[in-house]
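Heads up, the thing below is written out as structure tokens.
Quick note: the coordinates plus some simple rules give every number you see, no bench work behind them. Remember, predicted model here, so these are calculated numbers, not experimental data. FYI the Cβ positions are ideal-geometry reconstructions off the backbone, even for glycines, and counts take in every protein chain you see.
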Amino acid sequence: MTLHSLIAAERRRERRRLRQAGACAALVAIASVLLLALSGWFLTAAALAGGAGIVAAQAFNYMLPSAMIRLLAIVRTGARYGERLASHGAAFGALARLRPALYRAITVTPAPVALALGRGEATARLIGDVDAVEWRFVRLSGPWGVAAALASGAALTLLGGWLAMAATLTCVGVALGLARSWSHRLEEPGRAVQQAMGALREEVAMIGGSAAELRCFALEDWATARITAAGDRLAEAQARQAAVAARFEALHAVSVALAAASALVLSAGAGAAIAALAGLAAAMTVDSIAPLLRAMTENGRLHEAEARLNALFGAAEDGRPALGLPCEPNLAIDGGRFAPGSRIALTGPSGCGKTTLVEGLLGLRPLQHGRIMIGGQDAALLAPATLRAIFAWAPQDAALIAGTVRDNLRLADGHANEDRLWQVLQDAALDTVVRALPQGLDTWLGEDGARLSGGERRRLSLARAYLGDAPWLLLDEPGEGLDAAVADDVARRLDARLKRTGQGLILVSHRPVLSALCERQWMADLGARRSAA
Amino acid sequence: MTTIADAAPGARTRNRWLKDAVGRRDGAAGLLLLDTLAAIGFAAGIAGGVTAVTEQGAVLPWALLMLGMGGLRALFASLASRRGAVEAGAVKRGQRLRAVAAMLHRKAGVPIDSGLLATQAVDAVEALDGYVARFLPARRAAAIAPMLVLGATACASWVSAVILAGTLLPFVAAMILAGGAAAEESRRQFVALHRLSARFADRVRTLPVVLAFRAETRETEAVGAAAQELAKRTMRVLRVAFLSSAALEFFAALSVALVAVYCGFALLGLLPVAVPETLTLGRGFFVLALAPEFYAPMRRLAAAYHDKQAAETAADTLMPTAASERAVSMAVAAPLILRDVAIQYPGSDAPAVSHLSLRIERGETVALLGPSGSGKTSVLHLLLGLAPLSAGTIEAGGAPLVSLAGQASWAGQHPLLIAGTIRENLLLADPQAKDLAIQRAVAAAGLGPMLATRPGGLDALLDARGSGLSGGERRRIALARALLSPAPFLLLDEPTAHLDAAAEAALIATIARAAPGRTTLIATHSPALAAIATRVVHLGTAI
């Protein structure tokens, strides 16, 4: 599935509301053109009739035009309301299906590509792209309005002669054509803004990660100046972009004046009332292209957003077929054999690749061929889904999702009942903490468990791993940030749990109280050391 | 992504903050007012043209006036956009400066958080852009431009001016009635949409666990359900939220209709009541052509409303940044005495380091040895005022120590590298360093062989990622930089981590030669590196 087919499907699905929005937009445009043109005609004709004496004034049919004028005012209001409601309805309807489709596509992209999206600017850009694509639905009614304005404008100016009509349509055509060619020129400053933004983020990340050096060498002012300079370059690029976008406003104003003036002059022969009608109709016709012009300034950004998202859909792969779970999930790491239910401490100095190995076991990054065997098969050849069924993981950084305690636990098992949730919380020595939270399991924790302390976060991550139904537990530094008594408690309960469930344990931890649970040690750095000098 | 605080500060505090942050900027608003004046001129042109047609006069001069005024409108409107962008740039510059300075000069104990710096200095600051560039000029213009239109209208037909002003009263009443509720609904919708995006971003960020627990299908459904729920709720909200824009639309259309009908009847002489003014076609047409301009500034304001919402969200992020306070760096002398020191970061339930007592004499090399997570780096950060002293005391040369800032040099495992020459990277430690001093530092850090093979030597260019440098070479650049600084203290944070055995041994030998002469503190997990120290202090959680 590509993004384009998805968007096309959404347009089909939302066609009722999109049609409604288009019809309303057309009605708004017609009412706007007619309202002012008719008002102008009415005023001028009334003046002429009034000037011709009381009889002419009495004979003048004022009821119909004045009623029409009031009606048009109401129609325009109602139609605009209807248009906004219908087009936003379509956008939100599309949003509700585009987002899950996109998320689905991301989850089936190869892990390295997908995981790169989770970092810093990539996420921000992804969100911006999704927004851009969704809001195009709001603007789909724009062309309908322009078409209706053109039709009614053409009909009205034709009353003033075909020259007046031709002049009006030419003004619209030239304005749209110019805007179209300018919108290509906007792409370059648009890209420059993107680049300057990326450079600023990089600068900020570099400065943010070097606090100690900045302090030592008293470089704070230097660092501030660097970020300011990067910000200035961004502002400069933005100013250039604004200058190009400002041209569209100028174009709009000039073409409105040009259309009104030329229609007025060219229809002078048809009488003052018609000339007034044609002049104002021409002005309003050209005025109606304003939303389209605004949309054109966004076109470049939209296309880039679509291209990036489309690439995501393109990168999605069906993946290797998941082999069934090896019936005997015994494990061999670099030739060392471990029966199911073993407890292994992965050791080695920091930076030797323990976490890399752990993430490899979960299919989150490629494994070296032949290093790990599971049930006699090379783990590097197993489908990620197979690997992930074998290991229940508590990552080094806890990695909690924004949600409640329950949301976080349910990630590991969507159907776990209340009793099981409390059981795993108890096994992770977190049950009393959760009981003390205002809404217990349903307490909102914020982003990455912001409400919890570092140690509590880690234990919640641990509880989540316990809830996963897998033959091996894979715990990466579960004891970090715990004080001695809690670490003791966690270790004791883990020991009891392992005895009860018969699960195997692969543990990365520098805390003796935890590694003491393991009967075997395994140095992770054999052959894994990178040459770094 | 900026996160929306659950308990947002009061609207009044926020508005005051925004006002102070932006200052007084009238350039763009002034241009918008000029645009309105040109619109008045345009209306005069079209009215004159129509009158000329009825009187069979010359239409062309009036048409030229219309074109000229159209040109002026184009000029003023585009200048206003550009001016707005420039003003936004200036405001963002000031706020960025403030956020960065507050972060870099932060008080000890505020955790180092480069993510927060990015949120504040990039996302939140950029969210002020539309507010300054579009919303504020539109708001200022909306207060004055309708009065200009009203004044011009009154000159031609004061009854029409009264009619326009008369539509304003019910409009304001409608805005107060519907607008307050609509603004609240609209803000709620903005927040809900923002949350939905934040949730999506969160699930992308936490993709490793989602994948590892094979929860992708469930999470996809959850993403869909949340969006569906928002879509349903939003439609209810929008019905109200669009009311205020409908009211605006209604009164804009109504003002045109009423003016047209009044003028028409007045020109026919069929008004049911006598009004003490005689209207001509020219005046009537001028008033009619001007009527749409009466509500135009308010429509522009409504179109920029989401910029205001974005800025308010950003203000909530930026407001808590304290004004930066600069620590005065003063000369500090050994011995350094730590007594029963503990470091506990706010929000963590266990101290990173506790009961640490240590005395470091002048010229000593002390190794802090322990596994990762044992608080070695925290001790170094404590000496720089980057970590909080939660118990105990630190003295230097007999006086309480505030910070070693400016008195110490630093080499760590992820050295700060900037795009530029190697020389520029070294000079960060001491911009005034003489060539001879650089040569000495380069030699002491063992950078010589690497520079000899590199075209340009010291003037070889590096990019910000230090591409093409091995881990060992980076550390040596950091070490040379540290040695270039005349500071009496040398702090080394895991200088040999992630190096292979040979590179580590070579670097240890270099450090052993270079360290003497300075009071050196090395944080490491490597016993081989610790062996070169005159004293080893074991840190760690021996439980």
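Taken along the Cα-to-beta-carbon direction at a fixed 7 Å, the label points for residue A:500 and residue A:397 span 3.2 nm.
Look at the stretch B:240-252: the mean tally of other chain Cβ atoms within 10 Å of its residues' Cβ atoms is 4. With a 10 Å cut-off around each Cβ of B:399-406, the average count of Cβ atoms from other chains is 2. FRET efficiency for the residue B:443 to residue B:502 pair, using the beta carbon distance and R₀ = 22 Å, is estimated at 0.60.
Projecting the Cα positions of A:9, A:28, A:61 onto the charge dipole of segment A:1-62 (unit charges on Cβ atoms of Lys, Arg, Asp and Glu, taken about the Cα centre) puts A:9 furthest along the positive direction. Taking amide H positions as modeled 1.01 Å from N, with prolines and chain starts lacking one, the residues under 5 Å from residue B:537 and 5 or more places away or on another chain are B:367, B:368, B:369. Approximating the spin labels as points 7 Å out from Cα along Cα→Cβ, the residue B:270-to-residue A:232 distance works out to 6.8 nm. Dividing the summed helix terms, -39500 (n - 2.57) for each DSSP H run of n ≥ 4, by the number of residues in chain A produces a 222 nm estimate of -22500 deg cm²/dmol to the nearest 500. Within chain B, antiparallel bridges make up roughly 45 percent of the DSSP beta bridges whose residues both belong there. Volume per residue of the convex hull around the Cα atoms, evaluated for segment B:48-154, comes out as 106 Å³. Listed by Cβ neighbour count within 10 Å, with the fewest neighbours leading, B:353, B:402 appear as B:402, B:353. Averaging the sequence gap over all C-alpha pairs within less than 8 Å and six or more residues apart, then dividing by the number of residues, gives chain B a relative contact order of 17 percent. Simple rule: put +1 on each Lys or Arg Cβ and -1 on each Asp or Glu Cβ in segment A:337-410, find the dipole, and look at A:340, A:409, A:399; the Cα lying farthest toward the positive end is A:340.
A dipole drawn for the protein assembly as shown from +1 and -1 charges on Cβ atoms has a positive end, and of B:44, A:266, A:516 the residue lying farthest that way is A:266. What shape does segment B:336-538 take by its C-alpha gyration tensor, where a ≥ b ≥ c are the square roots of the eigenvalues and a/c under 1.5 counts as rounded, a/b above b/c as prolate, and the rest as oblate? Prolate shape, in that a/c is at least 1.5 and a/b is the bigger ratio. For the pair residue A:71 and residue A:489, the difference between a 0.36 nm per residue extended length and the Cα-Cα distance amounts to 142.7 nm. Calculated on the Cα set of segment A:331-523, radius of gyration then Dmax: 16.1, 50 Å. Percent of C-alpha pairs per 10 Å bin in segment A:338-402, short distances first: 18, 51, 28, 2. Considering every alpha-carbon pair of the protein assembly as shown, the percent of pairs per 20 Å bin, from zero through the bin containing the longest distance, is 11, 34, 30, 17, 7, 1. Of the beta bridges in the protein assembly as shown, as assigned by DSSP with both residues counted there, near 40 percent are antiparallel. As a proxy for reagent exposure, A:354, B:232, B:308 were ordered by neighbouring Cβ count within 10 angstrom, fewest first; the result is B:232, B:308, A:354. Cβ-Cβ distance of residue A:155 and residue A:52, R₀ of 22 Å, FRET efficiency by 1/(1 + (r/R0)^6): the value works out to about 0.20. Residues B:155, A:24, A:171, A:518, ranked from the fewest to the most other C-beta atoms within 10 Å, line up as B:155, A:518, A:24, A:171. For chain B, the mean residue ellipticity at 222 nm estimated from helices alone is -19500 deg cm²/dmol, where every DSSP H run of n ≥ 4 contributes -39500 (n - 2.57) and the total is divided by all residues, rounded to the nearest 500.
With both residues required to sit in chain A, DSSP beta bridges show an antiparallel share near 35%. When only Cα pairs below 8 angstrom with a gap of at least 6 residues are kept, segment A:331-523 shows a relative contact order of 31 percent.
Considered as an equivalent ellipsoid built on the Cα gyration tensor, chain A has semi-axes of 68, 26, 22 Å, the largest given first.
The calculated FRET efficiency for the pair residue B:181 and residue A:337, based on their C-beta separation and a Förster distance of 45 Å, comes to about 0.05. The charge dipole of segment B:327-436, taken about its Cα centre with unit charges on the Cβ of Lys, Arg, Asp and Glu (plus for the first two, minus for the last two), comes to roughly 60 debye. For the Cα trace of segment A:3-315, dividing Rg by the Kirkwood Rh returns an Rg/Rh value of 1.14. The distance between label points at residue A:12 and residue B:239 comes to 3.1 nm (points 7 Å beyond Cα on the Cα→Cβ vector). Could you work out, residue by residue across A:272-285, how many beta carbons of other chains sit within 10 Å of that residue's beta carbon, and then give the average as an integer? Taking the mean over all residues of the peptide, I get 4. Need one word for chain B: rounded, prolate or oblate. Basis is the Cα gyration tensor (sqrt eigenvalues a ≥ b ≥ c); a/c below 1.5 gives rounded, then a/b vs b/c decides. It comes out prolate by the Cα gyration axes.
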